[in-house]
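Trainee: Mind looking over this structure? Questions follow.
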Amino acid sequence: MPLPAPIFVAGTGRSGTSRIADIIGEHPLIHRIPMETRFLVDPDGLRDLADALTHRYDPTVGDDRGRTIPELVGEERYRDAVQRLWPQLIAYTYDEPAPAEGFGNADRPAGPFEPLSRRRVLPRYFSDRGELFGILRGLIDTMFGGAAADAGKPTWCEKTPFNLLYMEFLWELVPEATIVHIKRHPVSVLASHLSQPWAPPTVDGALAYLKPVYHRWLTWKNTVALTGRRYVEVKAEDLAADWPGQRRALFEQLGVDDFATPSAFQSHKLTNRNDQLDDETRELIEEALGEVIPAMGYE
């Protein structure tokens, strides 16, 4: 059997992405990158970099010889404008409790040793997008492939839930990659979000967070032909209902022999959200999600 291709795991978050990535990484041939790298698809990551250096290239964006926007328009005016703009750009706000170690330097006031100058760079424009992606692919091979080699495995698995929204970019970056999309009933996904300190703590807030994700994914999916592509779609509920059989099928789709992993999908781990919401709240959520539920393959 040929060596397996690299793997990206995708999902809405709270759908089983971490569990399935752990399981895939327990296979003797696949190394799981042990965190969400995120920099591939997050804003200002490799995805934005690739666009900025190709079709969105502009060497003068935000450059006025080192002066800032507040300096140009007046600090008070700048603050007033941002305060008016901000509410128009957000759907919901919430408080996240800070971990014991704090959030990091970005949330602390500047210290007394700020640099007196900063280095600016002029980006290169790539008329051949393929050339740029060859360079970016080299970066991925060095980091992810190197980590897999250190673990004694020939390939790797990277999990970031919002890989879900950027599959075309991921295939452009790693054409031979397999993308594993794990799904879970949208109501259970929302219920699980309500229990996370980093997510909106109310039903309205969670809906504002999740609905655009579902709609964006489904809109994209309806415009492409995924049949024949290296794409694997599984339901967490199906994995739990017949774990050995579903695991065997999953590994077959990934191009590796079956392996009895220490971790598994278990039904009680998925059904623990069923009693979290009362009937009235569940009905409200189902109505708000509308066609999302059947479109994701659930009744």
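The values are calculated or read from the model by the stated rules, or taken from the named source; none is laboratory data. Only a predicted model underlies this, so the values are computations on that prediction, with no experimental measurement involved. Positions of Cβ are backbone-derived with ideal geometry, glycine not excepted, and every protein chain shown enters the neighbour counts. Just so you know, the surface numbers come from the protein's heavy atoms only, side chains and all, with ligands and any DNA or RNA stripped out. Shrake-Rupley method; radii C 1.70, N 1.55, O 1.52, S 1.80 Å.
Trainee: Report, ordered by the first and then the second residue, all pairs with beta carbons closer than 9 Å, sequence separation of six or more or different chains, a first member in region 252-277 that is under 20 Å from Leu194 (Cα atoms) and open to solvent by 80 Å² or more (accessible area, probe 1.4 Å), and a second member that is of a type in the set (Lys, Arg) and part of a helix (DSSP H, G or I).
Mentor: Within 9 Å, the pairs are Lys269/Arg19.
Trainee: Determine which single condition Ala295 fails, assuming it passes every other condition in (1) within 19 Å of His215 (Cβ to Cβ); (2) hydrophobic (A, V, I, L, M, F, W, C); (3) surrounded by fewer than 15 Cβ atoms within 10 Å (Cβ to Cβ).
Mentor: So Ala295 meets the others, but not (3).
Trainee: Inspect region 215-229 for any residue being of a type in the set (Phe, Trp, Tyr), surrounded by 12 or more Cβ atoms within 10 Å (Cβ to Cβ), at pLDDT 95 or above and closer than 16 Å to Ile23 by Cβ and give the result as yes or no.
Mentor: Among the residues of region 215-229, not one is of a type in the set (Phe, Trp, Tyr), surrounded by 12 or more Cβ atoms within 10 Å (Cβ to Cβ), at pLDDT 95 or above and closer than 16 Å to Ile23 by Cβ, which makes the answer no.
Trainee: Among (1) charged (D, E, K, R); (2) at pLDDT below 80; (3) buried (at least 16 other Cβ atoms within 10 Å of the Cβ), where does Arg77 come up short?
Mentor: Only one criterion is unmet by Arg77, namely (3).
Trainee: Could you tell me which of the residues Val187, Val213, Val224 is under 18 Å from Val41 (Cβ atoms) and either touching an Asp or Glu at 6+ places or on another chain (Cβ under 8 Å) or part of a loop (DSSP other than H, G, I, E, B) (or both)?
Mentor: Unique residue meeting the criteria: Val224.
Trainee: Taking Met1 as the residue in question, decide whether it is open to solvent by 100 Å² or more (accessible area, probe 1.4 Å), at pLDDT below 65, out of contact with any Ser or Thr (no Cβ under 8 Å at 6 or more places or on another chain) and closer than 29 Å to Pro154 by Cα.
Mentor: Taking the combined requirement at face value, the residue satisfies it.
Trainee: Take region 153-169 and flag every residue that is aromatic (Phe, Trp, Tyr), in a helix (DSSP H, G or I) and over 16 Å from Ile20 (Cβ atoms).
Mentor: Phe169
Trainee: So how many residues does region 149-176 have that are surrounded by fewer than 20 Cβ atoms within 10 Å (Cβ to Cβ) and either closer than 16 Å to Val41 by Cβ or of a type outside the set (D, E, K, R) (or both)?
Mentor: Adding up the residues that qualify gives 11.
Trainee: Report yes if Pro34 is at pLDDT 75 or above and in contact with a Gly (Cβ under 9 Å, 6 or more places away or on another chain), otherwise no.
Mentor: yes
Trainee: Taking the condition of being within 18 Å of Ala249 (Cβ to Cβ) and open to solvent by 40 Å² or more (accessible area, probe 1.4 Å), how many residues in region 23-58 meet it?
Mentor: Residues flagged as within 18 Å of Ala249 (Cβ to Cβ) and open to solvent by 40 Å² or more (accessible area, probe 1.4 Å) within region 23-58 amount to 2.
Trainee: Which of the residues belonging to region 134-148 are over 20 Å from the mean Cα position of the chain (by Cα) and surrounded by 19 or more Cβ atoms within 10 Å (Cβ to Cβ)?
Mentor: Ala148
Trainee: Right, next: Would you check if Ala249 is more than 25 Å from Val174 (Cβ to Cβ) and open to solvent by 30 Å² or more (accessible area, probe 1.4 Å)?
Mentor: Considered against the rule, which asks whether it is more than 25 Å from Val174 (Cβ to Cβ) and open to solvent by 30 Å² or more (accessible area, probe 1.4 Å), Ala249 comes out as no.
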